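The values are calculated or read from the model by the stated rules, or taken from the named source; none is laboratory data. Since the structure is predicted, the reported quantities are computational estimates derived from the model, not experimental observations. All Cβ positions, glycine included, derive from the backbone under ideal geometry; neighbour counts span all protein chains shown.
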Amino acid sequence: MFQWSPFVYIDLVGHLLKILGGFLTMKKVTRLISLSIAIMLVLGLVIGAAGAQDEKVLHLNLDSEPPTLDPSLATDTTSVQVITELFVGLTRLHEVDVVVEPGMATDWEVSEDGLTYTFHLMDNVSWVRYDADSGEVVQVMDDEGNPRLVTAHDFVYGIRKTLDPMTAADYAYVPAEWILNGDAVNSGEMPVEDLGVRAVDDFTVEITATSPASFLPNIFGLWFMAAQPSWVVEEHGDFWTEAENIQSYGPFALAEWEHEDSLVLVKNPFWAGTDSVPAPKVDRIEFAMITEVSTAFANFEAGTLDVSAVPSADIDRVMADPEMSELVFISPLGCTYYYGFNVEKEPFTDARIRRAFSIAIDRQAIIDNILKGGQEPAYFFSRQDILTAAPRAADYPDLAISSNPEDALPIFEEYLADTGQTREDLPTITLMHNESEFHSLIAQAVQQMWKETLGVDVQIQSQEWGTYLDLLDEDPPQIFRLGWCQDYPDAHNF
């Protein structure tokens, strides 16, 4: 999925840091917050400071407004971070062991040919909503006055909705490749009813795959495969995920969503908890949407945020402080931070220009002088040491990007000579990134590297995250910043 956070990946940096992981419980703090260096309060302090009867509140930062909370439409980590607290997939990936474990499915079988997956669901999970009048999470009732349970039919609906061409889900290509008739359904050639997913009974989902693959249990548990409430979607349309409308079933429920400002999740008391998805140990999670890392860190130091990234300017101070350094949490993250080139815009229609600009970036210098969090330079797009089947530079030296920036100039000058151009003949080149102090620092460093190594001036522009994603869909600039975090631990996902 696309990563918002400035502390992850490029053909620049292929290893970032992750703060905690998993559902918001004592087990970990958040599955998808990706931070270069993260400072956190020990959960025992955050939670233990309150009295036994006091509400236990965790204060986190989303960095930006989630573009969507619709499981079918989400493509970015900010959105998915919230969605995975509201909706639980058939399976999930253990944060530490990186093995598939039960989500909503208690167990599953695979046919001998590896094509048919049969998932058996928990039969006691109810749909819930937050009642603003009472300030409590309540169960959704069916027509007979009984709690409305999450069923196989809700999963079939959610999966079909993701692949329905009318949904226009950017992530539909993933399940479309692996579910029988997925491509034909997503292209509109076949009706959604012909998709290879069906409810065998109220609590059994059967998915037929196009071909065997070891990572299919991972894919079938991702957020875009979650159960969705058809009755809510049909009643409220595009507004079904607003706080006053949404119904969910995960460990938390959405209580408030003040767009561009804050978002509040509250404990779902009807989620009994399982070994892999425990019941929450906090009552309430209050998310801020602070874009600037220096502001977020100031809030952390003031005690109004429980987790924060560390601004580049403060990293040395924090690491030298005996108390603060004890709060630093750093771990590997399967993400790649990268600059993409629009190959339809000059001069990046030529592969030599793209290669020269990439090689000219001193990745290690960015890590040492800006990020300072133990990241690793990326010379392949996929993360080599944590992904199955990832290529290695030693095995494919001709495919990997050179680690010596001085190798860039001969390639660049060859391009100029062959095309009869000088540097002055090149069009104005623009690098764009979403708003963030770290993105800005990295962009300025890269801008200087291109100037010093290639003698080329590059303009820098920035946009708010949601606006930025829309622009990338409509008219990408010549150079754009993005990140890719693994959805499942296999190089196929890259």
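List of remarks:
- Residue within the stretch 189-199 that is among the hydrophobic types (A, V, I, L, M, F, W, C) and in contact with a Pro (Cβ under 6 Å, 6 or more places away or on another chain) present: no
- Flag if residue 78 is modelled with pLDDT under 95, crowded, with 23+ Cβ neighbours inside 10 Å and in contact with a helix residue (DSSP H, G or I) (Cβ under 8 Å, 6 or more places away or on another chain): yes
- Applying the criterion of being surrounded by fewer than 22 Cβ atoms within 10 Å (Cβ to Cβ) and among the aliphatic types (A, V, I, L, M) to the residues of the stretch 291-308, the residue that is farthest from residue 434 (Cα to Cα) is 302.
- Residue match in the stretch 376-385 (condition: in contact (Cβ under 8 Å) with a residue 12 or more places away in the chain and assigned to a helix (DSSP H, G or I)): no
- None of 365, 360 is in contact (Cβ under 8 Å) with a residue 24 or more places away in the chain, of a type in the set (Gly, Ala, Ser) and crowded, with 17+ Cβ neighbours inside 10 Å except 360.
- Whichever residue in the stretch 256-274 is surrounded by 15 or more Cβ atoms within 10 Å (Cβ to Cβ) and over 22 Å from the mean Cα position of the chain (by Cα) and, among such residues, is nearest to residue 129 (Cα to Cα): 268
- Residue match in the stretch 65-79 (condition: among the acidic types (Asp, Glu) and more than 20 Å from residue 246 (Cβ to Cβ)): no
- Of the residues making up the stretch 275-323, just one is of a type in the set (Val, Ile, Thr) and free of Cβ contacts under 8 Å to residues at least 40 places away in the same chain, namely 295.
- Scope the stretch 315-357; condition surrounded by fewer than 19 Cβ atoms within 10 Å (Cβ to Cβ), modelled with pLDDT of 95 or more and hydroxyl-bearing (Ser, Thr, Tyr); matching residues: 349
- Among residues that are surrounded by 15 or more Cβ atoms within 10 Å (Cβ to Cβ) and within 28 Å of residue 123 (Cβ to Cβ), residue 185 is not included.
- Residues within the stretch 325-372 that are in contact with a helix residue (DSSP H, G or I) (Cβ under 6 Å, 6 or more places away or on another chain), among the β-branched types (Val, Ile, Thr) and not in a helix (DSSP H, G or I), tallied: 1
A quick yes/no check of all residues on (1) crowded, with 17+ Cβ neighbours inside 10 Å; (2) touching a helix residue (DSSP H, G or I) at 6+ places or on another chain (Cβ under 9 Å); (3) assigned by TED's automatic domain parsing to the domain that holds residue 71:
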| position | (1), (2), (3) |
| --- | --- |
| 162 | yes, yes, yes |
| 174 | yes, yes, yes |
| 202 | no, yes, yes |
| 243 | yes, no, yes |
| 247 | yes, yes, yes |
